[in-house]
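To keep things clear, I will list the structure first and then write my remarks on it.
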């Protein structure tokens, strides 16, 4: 069954290729959704997929890109929007 969550990632997550690595990891896991930078310096993610893939993706968000420093990941379940792929929003 398809599930979805939204997440806000806090720390040193902008200017360190976090969005690109997030998109690549989501696509590797078969997850659809979006990732974008927020004005407050955080990164926002919406992700959809099967429960196992979402759990793996959620754990990966705590690691992030090689140069990032993730301090906190705040997640919340959300309704499925049926994204067709995973994209960076600019």
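Each reported figure results from applying straightforward, stated rules to the coordinates on display, with no laboratory input. What you are looking at is a predicted structure, and each value in this text was computed from that prediction instead of being measured. Please note: Cβ atoms are built from the backbone with ideal geometry, for glycine as well, and neighbour counts cover all protein chains shown.
Brief remarks on what is shown
- Mean residue ellipticity (222 nm) of the chain, computed from DSSP H runs ≥ 4 via -39,500 (n - 2.57), nearest 500: -8000 deg cm²/dmol
- Figure legend: label point modelled 7 angstrom from the Cα of residue 3 along Cα→Cβ; residues of region 36-50 with amide N under 14 Å from it are 47-50.
- Computing Cα extents along the principal axes in Å for the structure here picks out one of (1) 33, 22, 21; (2) 38, 23, 20; (3) 55, 29, 16, namely (1).
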